Amino acid sequence: MKITFWGTRGTYPVPGAETHRYGGNTPCIELRTHDGTLLILDAGTGIRPLGRTLFKEAFAKGQGEAFLLLSHTHWDHVQGFPFFGPAFIKGNRFHIFAPRQEIGLREIFLELTYEPYFPVPLDGMGGSFDFHEVQVGDAFSCGSAKVSCVTMHHPWRVVGYRIEDQGVVIAYLPNTAIHAKDETELSASLVKAAKGADLLICDSTLTAGEAAQGWCGHASAEQALSLAQRAKAKRLALFHYAPERTDEEIDSLQAALRKKARGVQIDAAFEGWTFQVERGS
Amino acid sequence: MEFRFWGTRGSIPVPGPSTLRYGGNTPCCEVRSKSGHIIIIDAGTGITQAGKALMKEGFDQKPLHATLLLTHTHWDHIQGFPFFAPLFCSDHQWDIFGPKHSQRSLEQLLAGQLVPAFSPLESLRSLKAKLSFHEIGEGEWQIGSLTIKQVFVPHTTITLCYRFEEDGKALVFATDIEYMGEEAEAQKKRMEKHFGGAEVLIHDGMFSDEDYPRFKGWGHATTGDCLEIARRSGNAKLYIYHHDPNRDDDSLESLLKDLEKKRLPNDPELFLAKEGDVIRL
């Protein structure tokens, strides 16, 4: 599968000189399966520049189709949607998956495009959208890829996605603590979700010090590494940086973790990073 | 009075290396009056930086009673609100003003960002500061040594434009305005009255005159509109504001250069609003 990172920042977008290398756009990842199907993981502000590149393809002519997999509907994971150009072109089809919230998924998108907030209503956007509410344990196909909804430990309703295509496995766990709220042990569900992954994309919001202060639904990069090691993932991408994390701090973090990696290839995900995810890469 | 730009980008934040000069944060500005009052205007992502600065100034340790004026509730003008540090200070008091929408109250519109589907904060109650919400129409009032005058402006949702006067000098913050169709001339005449004689006009100039036909009805003005209205209003300085997310720093400078060519003798001095810049009157 070919992967491109369009947004790697958690919580809120952070423009500026200290974030422009690893990126200030909120989460969005582009995945192309073996048969060319487009999966988009989360719709943070990174989905806007992704949308601009899609205009070079069938999406410009209203012949595009994509699967938008949302880990949850907190702002940083949906705020880019009203600015996603291909969604405005009649004929483009979007299959949108997200865990059920206290209001329905379609209601959430109606709220995102509600007149006091945004000038174009959902039904005026041109594209066609079908909404699928998922929960942990659900599985579905996106072209040649099989997607399973897996556990994450975060406030409110979230799912991670385990995506498998031609034997290549990507585990997407962008917003998760490393253990369940009232536990202390590394979560067995998370280990299962990431088991043997060729690429684990994992929440790395907290510093080690912050992680030690107690459960808040996020992990530190050090904890992400523990998960990768226990799950025997081949490769770990650090993801969902805290707004205040600078490029220099991420450089140091990556360097420090690589020293103790042992068996896991570690990279701090950055905007624009694109590569083929290979088996056993 | 001192006026500072914390966010100058329209529509959606644009992080990245090519927006470092003029900024990628969505609208937020700050006025400090001679009397020491602090007024924040709009709560785009720029407000996260305004909040950090207030904390650094010592307001993390001491009480503050300040004002937040909202021009309208489109996402780019409120999306920073849940991340504004002073709202978490229990000894802060924030008076929040904005236009009255026909379907939901100002409080409901801001609280709508804080429901569990969208935010781990889950509700306004997670904000520790004392908040009061005030829906206002056109009018004139005082905050300390500042006189504030506001009028409605034509945009795609109900929107106010604020004028600040102190010691005989005035600055107008006029964002998210479109002069469109048959009404355009009448609207310009009305705005001339509101902008008239202000030393500084900060005005929506999202599009060039050449771009505009493609974006008619989007709710924004052209740089040509800005220059014409500032000339008619007798402003000394015009700051182009609400920068198009598709324009990087170089493109913004071309936009300004092209506008300079249309400048007549006695026309206002022209500037691009830049994140971090301060205007002192």
Open item on the list: Around A:W215, under 15 Å between beta carbons, what's the net of Lys plus Arg minus Asp minus Glu among the other residues?
Closed with: -4
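Determine how many Å³ per residue the convex hull of the Cα atoms of chain A encloses.
Details: hull volume 33.7 nm³, N = 281.
With only Cα atoms used, chain A gives 120 Å³ per residue.
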Task: Per-q log10 I(q)/I(0), segment B:49-208, q = 0.09 Å⁻¹ (Debye; single scatterer per alpha-carbon; no solvent) - done: -0.34
TODO: Report the extension gain between B:R280 and B:E138 in nm, rounded to one decimal, defined as 0.36 nm multiplied by the number of residues separating them, less their alpha carbon distance.
DONE: 48.5 nm
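Taking Cα pairs under 8 Å and at least six residues apart, what relative contact order does chain A come out at, in percent?
Working: 717 pairs, mean separation 52.8, N = 281.
Computed value for chain A: 19 percent relative contact order.
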- [ ] Within segment A:217-246, report the trypsin sites (Lys or Arg not before Pro) that DSSP leaves as loop and that have at most 15 other Cβ atoms within 10 Å.
- [x] A:K232
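Relative contact order for segment B:41-186 using alpha-carbon pairs under 8 Å, separation at least 6, rounded to a whole percent?
Numbers: 257 pairs, mean separation 28.1, N = 146.
For segment B:41-186, the relative contact order is 19 percent.
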Open item on the list: Which one, B:L121, B:L238, B:L201, has the greatest fluctuation when you compute a Gaussian network model over chain B with C-alpha springs under 10 angstrom?
Closed with: B:L121
Open item on the list: Averaged over its residues, how many other protein chain Cβ atoms are within 10 Å of peptide B:8-15's Cβ atoms?
Closed with: 6
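Suppose we keep just the DSSP beta bridges with both residues in segment B:52-192; what percent of those would be antiparallel, to 5?
Working: 17 of 30 bridges.
Roughly 55 percent of the beta bridges in segment B:52-192 run antiparallel, per DSSP.
If Lys and Arg each add +1 and Asp and Glu each add -1, what is the summed charge of the other residues whose beta carbon sits under 14 Å from the beta carbon of B:P17?
Details: positive: A:R21, B:R21; negative: A:E18, A:D247, A:E271, B:D248, B:D249, B:D250.
Neighbour charge sum, excluding B:P17 itself: -4.
Looking at segment B:1-43, which trypsin sites (Lys or Arg not before Pro) are in a loop (DSSP not H, G, I, E or B) and have at most 13 other Cβ atoms within 10 Å? List each step's numbers first, then the result.
Values: sites: B:R4, B:R9, B:R21, B:R32, B:K34; in loops: B:R21, B:K34.
Passing sites in segment B:1-43 are B:K34.
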Task: Residue mean of other protein chain beta carbons inside 10 Å, B:114-127 - done: 5
Open item on the list: Just want to confirm a number: the relative contact order over segment A:70-152, from Cα pairs under 8 angstrom separated by 6+ residues, in percent.
Closed with: 30 percent
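Taking the Cβ of A:G137 as the centre, find all other residues whose Cβ is under 12 Å away and add up their charges (Lys, Arg: +1; Asp, Glu: -1). Before the final figure, lay out each step's value.
Values: positive: A:R162, A:K192; negative: A:D138.
Taking every Cβ under 12 Å from that of A:G137, the sum is +1.
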Task: Among the listed pairs A:K146/A:K181; B:K188/B:K261; B:K52/B:K262; B:K100/B:K188; B:K52/B:K100, those beyond 32 Å (Cα-Cα) - done: B:K52/B:K262
TODO: Normalise the Debye intensity by I(0) for segment A:145-281, one equal point scatterer per Cα, no solvent, then take log10 at q = 0.20, 0.22 Å⁻¹ and round to two decimals.
DONE: -1.20, -1.44
Task: Helix-only CD estimate at 222 nm, as mean residue ellipticity for the protein assembly as shown, using -39500 (n - 2.57) per DSSP H run (n ≥ 4) - done: -5500 deg cm²/dmol
- [ ] Among B:S254, A:S189, rank each residue by its count of other Cβ atoms within 10 Å, from fewest to most, as a rough exposure measure.
- [x] B:S254, A:S189
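With a/c under 1.5 counting as rounded, go ahead and sort the protein assembly as shown into rounded, prolate or oblate using the C-alpha gyration tensor (a ≥ b ≥ c being the square roots of the eigenvalues; past the cut-off, prolate if a/b is larger than b/c, else oblate).
Numbers: a/c = 2.00, a/b = 1.62, b/c = 1.23.
Prolate shape, in that a/c is at least 1.5 and a/b is the bigger ratio.
What ranking of B:T159, A:T184 emerges when the number of other C-beta atoms within 10 Å of each C-beta is taken as an exposure proxy, fewest first?
Working: B:T159 23, A:T184 8.
Fewest-to-most Cβ neighbours within 10 Å comes out as A:T184, B:T159.
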Open item on the list: Roughly how far apart, in whole Å, are the Cα centres of segment B:221-251 and segment B:2-24?
Closed with: 15 Å
Task: Simple label model, 7 Å out from Cα along Cβ direction - B:S145 to B:K100, nm - done: 3.4 nm
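Of all DSSP beta bridges in the protein assembly as shown, what percent run antiparallel (nearest 5)? All intermediate terms of the calculation are to be shown ahead of the outcome.
Numbers: 56 of 116 bridges.
That works out to approximately 50 percent antiparallel.
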Open item on the list: Need one number: % antiparallel among DSSP beta bridges in chain A, to the nearest 5.
Closed with: 50 percent
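How shielded is A:69-77 by partner chains, expressed as the average number of their Cβ atoms within 10 Å of its Cβ atoms? Working shown, then result.
Working: counts 0, 0, 0, 3, 5, 6, 10, 2, 1.
Averaged over the peptide's residues, the number is 3.
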- [ ] Rounded, prolate or oblate: pick one for segment B:123-221, where a ≥ b ≥ c are the square roots of the eigenvalues of its C-alpha gyration tensor, a/c under 1.5 means rounded, and failing that, prolate if a/b is larger than b/c, else oblate.
- [x] oblate
Open item on the list: Using alpha carbons only, how many angstrom separate the centre of segment B:75-101 from the centre of segment A:64-134?
Closed with: 26 Å
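All of the numbers you see were taken from the coordinates with simple rules; none came from a lab. Model, not experiment: these values are computed from the prediction. Note that we place each Cβ from the backbone using ideal geometry, even for glycine, and neighbour counts take in every protein chain shown.
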